[in-house]
Amino acid sequence: MSRNFGDSEKYIKNLFIIGSVFIMNDKSYEVISSAKPSCSKGEPKTDIYILAKELKSSAVTEIKISLKKANADFLENKIGDERALALFGQDWKYIVSAAILKLQDEFKCKQLIYRDKKGRTVAGSITLGWKFELLNKPGGLLSNKITLSKKQVIDVYAGTNLPDDKKNALVDGVRIPDSGIANYLLFGDTELYTNTQDVIDNIILISSYTDSTPNVYLACKALNYRTHQHKFDGNRPLCVFVDWNVHNNKLTPTIRFDAPLVTRGNIVAEKLINSLKTLNITTTDDITVDNISSTVIL
């Protein structure tokens, strides 16, 4: 049975018992310490931090592993403007806008109101906008490759541009410079690894991985207001949002591309709810051809 992610981190960390020896790049090393780095908010990119001493020279090396489950496509989710700045640098808005504008025709054709269940979308849903996620492969119709330099791709995997608290994480209560910046990836279910050497033999330098896998993809996932439950899944940053208004006594949406990751779910939901109240609409069952601007979105 596969472990959950937290258990997988603990399992891999515990394989690196202090004093155990492994071989890496034809050199023998002894484990000095292994730990799970932490920060005040969120997570650093490094999931397991290992400090090891080369037996012949006594030189110390850091092995900072970012653990990826075998079926994990996500690199980042719940991305807002601050996180995009940390990932992509000062050009983040241009990078994000360029990627989503290539998909603007697909956005404009999307169904926005769901009186009936469709796929994973529950009956009674109205779309507020779309969240921005990063994947290592295409993910659905609203997905597109992001144009990034090699350095930027490495930054996404390693966390080079993350805030200082995440970069200089706490390791066993001690703040260690760059401990939160990963330098290795480990893929696969942890059941595959039974000892320290198994892990060492399967870790991949992030710089090498990005040479062979240079592409990063955005995926835009809908944030929906569920009219029957009067709920939606939180105040998420939206890369594209639906500006709901009432024009000529009709519920009218405008797809907005001009404020990526700045506009959040709460403010969009508030405008939608006020528009529905104006038209005496409680749920999608009350929406008809007479009180909506276009039937295309139904």
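The values are calculated or read from the model by the stated rules, or taken from the named source; none is laboratory data. Here the structure is a predicted model, which is why all the values come from computation and not from measurement. All Cβ positions, even for glycine, are placed from backbone atoms using ideal geometry, and neighbour counts span all protein chains on display.
Going by what's in this entry, would Pro260 be described as closer than 30 Å to Ala158 by Cβ and assigned by TED's automatic domain parsing to the domain that holds Leu85? Spell out the reasoning first.
Details: closer than 30 Å to Ala158 by Cβ: yes; assigned by TED's automatic domain parsing to the domain that holds Leu85: yes.
Considered against the rule, which asks whether it is closer than 30 Å to Ala158 by Cβ and assigned by TED's automatic domain parsing to the domain that holds Leu85, Pro260 comes out as yes.
Please specify each residue of region 28-64 satisfying the condition of being assigned to a loop (DSSP other than H, G, I, E, B) and under 17 Å from Asn183 (Cα atoms).
Quick first cut of region 28-64, residues assigned to a loop (DSSP other than H, G, I, E, B) only: 36-37, 39-47, 55-59.
Those that are assigned to a loop (DSSP other than H, G, I, E, B) and under 17 Å from Asn183 (Cα atoms): Lys36, Pro37, Glu43, Pro44, Lys45, Thr46, Asp47.
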**Message:** Looking for something assigned by TED's automatic domain parsing to the domain that holds Arg236, out of contact with any His (no Cβ under 6 Å at 6 or more places or on another chain), of a type in the set (Val, Ile, Thr) and closer than 26 Å to Leu148 by Cα - is there at least one such residue anywhere in region 37-46?
**Reply:** no
**Request:** State all residues of region 154-193 that are in contact with a Pro (Cβ under 6 Å, 6 or more places away or on another chain) and either in a strand (DSSP E or B) or among the acidic types (Asp, Glu) (or both); if no residue qualifies, say none.
**Result:** Val171
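Quick grid of which residues meet (1) out of contact with any Lys or Arg (no Cβ under 7 Å at 6 or more places or on another chain); (2) surrounded by 15 or more Cβ atoms within 10 Å (Cβ to Cβ); (3) touching a residue at least 12 places away in the same chain (Cβ under 8 Å):
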site	(1), (2), (3)
Asp116	yes, no, no
Gly119	yes, no, no
Leu148	yes, yes, yes
Tyr157	yes, yes, yes
Gly173	yes, no, no
Phe187	no, yes, yes
Val199	yes, yes, yes
Asn202	yes, no, yes
Ile206	yes, yes, yes
**Fill in**
With the first residue restricted to region 286-298 and required to be more than 15 Å from Asp116 (Cβ to Cβ) and surrounded by 12 or more Cβ atoms within 10 Å (Cβ to Cβ), and the second required to be at pLDDT 95 or above and among the basic types (Lys, Arg), Cβ contacts under 8 Å at 6 or more apart or on different chains are Asn291/Lys250; Ile292/Lys250; Ser293/Lys250
**Selected residue (criterion: nearest to Thr46 (Cα to Cα)) from residues of region 163-194 that are aromatic (Phe, Trp, Tyr) and within 21 Å of the chain's Cα centre (by Cα)** = Tyr184
**Message:** Quick check on Val242: is it of a type outside the set (D, E, K, R) and over 27 Å from Val31 (Cα atoms)?
**Reply:** yes
**Prompt:** Within region 122-141, restricting attention to residues that are assigned to a loop (DSSP other than H, G, I, E, B) and at pLDDT 95 or above, which residue is nearest to Ile287 (Cα to Cα)?
**Reply:** Gly124
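Looking only at region 291-298, decide whether some residue is among the aliphatic types (A, V, I, L, M), under 23 Å from the mean Cα position of the chain (by Cα) and assigned to a strand (DSSP E or B). Before the answer, list the steps.
Step one: list which residues in region 291-298 are among the aliphatic types (A, V, I, L, M), which gives 292, 296-298.
Filter once more, keeping what is under 23 Å from the mean Cα position of the chain (by Cα): none.
Checked region 291-298: no residue is among the aliphatic types (A, V, I, L, M), under 23 Å from the mean Cα position of the chain (by Cα) and assigned to a strand (DSSP E or B).
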**Message:** Which residue is nearest to Leu192 (Cα to Cα), if the candidates are limited to region 21-67 and must be out of contact with any Asp or Glu (no Cβ under 9 Å at 6 or more places or on another chain) and basic (Lys, Arg)?
**Reply:** Lys45
**Message:** Condition first: outside any helix (DSSP H, G or I), within 21 Å of Lys93 (Cα to Cα) and in contact with a Lys or Arg (Cβ under 8 Å, 6 or more places away or on another chain). Can you find one or more residues in region 275-290 that meet it?
**Reply:** no
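Closer than 24 Å to Phe5 by Cα and touching a Phe, Trp or Tyr at 6+ places or on another chain (Cβ under 8 Å): which single residue out of Leu142, Leu134 fits that description? Before you say what the answer is, go through the steps one by one.
Details: Leu142 fails: closer than 24 Å to Phe5 by Cα.
After ruling out the rest, the residue left standing is Leu134.
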**Fill in**
Going through region 236-263 in order, the residues found to be within 25 Å of the chain's Cα centre (by Cα) and surrounded by fewer than 20 Cβ atoms within 10 Å (Cβ to Cβ) are Asp243, Ile255, Arg256, Phe257, Asp258, Ala259, Val262
**Out of Glu9, Glu76, Glu106, Glu30, sole residue that is of a type in the set (D, E, K, R), surrounded by fewer than 21 Cβ atoms within 10 Å (Cβ to Cβ), without any contact (Cβ under 8 Å) to a residue 60 or more places away in the chain and within 18 Å of Phe132 (Cβ to Cβ)** = Glu106
